[in-house]
Amino acid sequence: MSKLVFFDAIASREYEGQEDAKVEYLSHPPEIGDRVSMGGLRLWNVVDIDSYYHPDNPEQVLYLAHCTAAPLTNPSSQRANWFRIKAYQNREPTLQLFLGEGMLLHVHRDLVGGKPEVGYLLPQYDPKEHIVKSRPWGITSVTSYLPSPDIERVCYLKIHIGQCVYVSEASGTNATNQLITA
């Protein structure tokens with residue numbers, strides 16, 4: 001059975017050029033010390049791993065691998081100082097991952113505990129017009145995962161996985177007015 005793994009940097013400022021968070025299905029859970037590509041030429045280090053479970057089916061697990069560009073000497077003792085822990089400590093952060101045919105379509109961090117709704121179209125920022133437009137990808141279902149109780153300090157209180165399908169006739173319909181606000 002394959003494992004769904006989300007790889008994310010401890011601090012977004014570490015990303016360069018074409019690098020970004022990614023999602024993969026793996027045959028086995030990741031391990032601390034693994035090296036992974038985040039889309040660029042360099043390899044990143046997995047310094048810690050959190051597991052999130054589906055409340056109705058505890059065997060269904062999602063892994064959140066925390067990565068850094070440079071290895072840390074003792075990452076667990078530094079966890080309280082990670083950007084995502086410090087920045088989100090007084091909020092109710094959720095991580096929203098939207099997956100479609102090409103796997104990861106969109107990542108959204110909601111700091112007020114929000115959950116995406118079925119039927120919404122994913123947003124896309126148009127840099128030329130400086131506006132957010134709807135992409136023709138609509139959310140068909142949402143599965144929520146909770147952190148394992150053994151995580152000392154969680155980065156996210158929940159992770160929501162939105163399954164998306166391509167909606168070719170999305171442009172020009174009323175559905176384009178329904179957006180997930182980014």
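The values are calculated or read from the model by the stated rules, or taken from the named source; none is laboratory data. Quick caveat: nothing in here was measured; it's all calculated off a predicted structure. Cβ: placed from backbone, ideal geometry, glycine included. Neighbour counts: every protein chain shown.
Worth a mention:
- Residues that are under 22 Å from residue 155 (Cβ atoms) and part of a strand (DSSP E or B) within the stretch 103-141 comprise 103, 104, 105, 106, 107, 108, 109, 110, 112, listed in sequence order.
- Test: residue in the stretch 132-146 that is β-branched (Val, Ile, Thr) and free of Cβ contacts under 8 Å to residues at least 12 places away in the same chain: no
- Restricting the stretch 1-11 to residues that are under 24 Å from residue 54 (Cβ atoms) and not in a strand (DSSP E or B), the residue that is farthest from the chain's Cα centre (by Cα) is 1.
- Check on residue 61, modelled with pLDDT of 90 or more and exposed (fewer than 11 other Cβ atoms within 10 Å of the Cβ): no
- Checked against (1) under 23 Å from residue 152 (Cβ atoms); (2) in a loop (DSSP other than H, G, I, E, B), residue 41 meets all criteria but (1).
- Residue within the stretch 78-85 that is closer than 24 Å to residue 38 by Cα, touching a Leu at 6+ places or on another chain (Cβ under 9 Å), at pLDDT below 85 and not β-branched (Val, Ile, Thr) present: yes
- Out of 149, 136, one residue alone is closer than 26 Å to residue 55 by Cα and either crowded, with 16+ Cβ neighbours inside 10 Å or not hydrophobic (A, V, I, L, M, F, W, C) (or both). It is 149.
- Top-ranked residue in the stretch 83-108 [being basic (Lys, Arg) and surrounded by fewer than 19 Cβ atoms within 10 Å (Cβ to Cβ); ranked as nearest to residue 145 (Cα to Cα)]: 91
- In the stretch 12-31, the residues that are exposed (fewer than 15 other Cβ atoms within 10 Å of the Cβ) and either outside any helix (DSSP H, G or I) or in contact with a Cys (Cβ under 6 Å, 6 or more places away or on another chain) (or both): 16, 17, 18, 25, 26, 27, 28, 29, 31
- Of all residues making up the stretch 83-112, the number that are out of contact with any Gly (no Cβ under 8 Å at 6 or more places or on another chain), of a type outside the set (A, V, I, L, M) and under 23 Å from residue 24 (Cα atoms): 8
- Listed by first and then second residue, the pairs with beta-carbon distance under 7 Å, at least 6 apart or on different chains, first residue in the stretch 111-123 and on the phi > 0 side of the Ramachandran plot, second among the charged types (D, E, K, R) and part of a strand (DSSP E or B), are 113/92.
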